[in-house]
Amino acid sequence: MFHIIRRCISTTHSTCGKHNFRKFLLYNKRGTRIFKKLRAAKPELYPDIPIDKRGVRDTGVVCDGQYVEIPEKIPEIIVPNLEGCKFKPYVSYRAPDVFQSEFTSQDLFNAIYSQKVIDDFKGGKLNEDGSPIEPSEAEKLSPEEAWLRARKTGSDMF
């Protein structure tokens, strides 16, 4: 038994708007809730009708004919507690635009290392090649370790 989804359109009064354009097949790509239940119960009846998910990603996979839910694929929404906060949780459209230049490597150097380099130079704590006699913890890092630390979660927050 095959069910065909169709749209019935009539421009005459003789059929009372029910049976015109019988051969006009319209497959609903999204599918109604009833259609999805029918398709899930009897997939052999609806094998070639695609269901558009409208950009929603699955939270599991089909393995040996069974749908297996993967907890890591379920989105987790983290909402901060704004109780006692004097700020409002939205920004008004009347707020002035903030224009900020790009944060470059020179800006990062000036913010982190420049004062130590100046202090080491004035205090005479530099070797002949310009390297510090007493390096800070950040200066002792290898390039690989610095690269890993820069990509850790939360490293972009000051």
Cα-Cα longer than 29 Å, checked against K42/K73; K88/K116; K86/K152; K116/K152; K37/K73, kept in input order, equals K88/K116; K86/K152
Put a dot 7 Å past each Cα toward the Cβ at E69 and E44; how far apart are the dots in nm? 2.9
Sort 64-77, 110-123, 137-150, 90-103 by packing, meaning the average of other beta carbons within 10 Å per residue, with the highest value first. 110-123, 137-150, 64-77, 90-103
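Every number here is computed from the coordinates shown, using simple stated rules; none is lab data. Nothing here was measured: the structure is a model prediction, and the numbers come from that model. Glycine also receives a Cβ, built like all others from the backbone with ideal geometry; neighbour counts cover every protein chain displayed.
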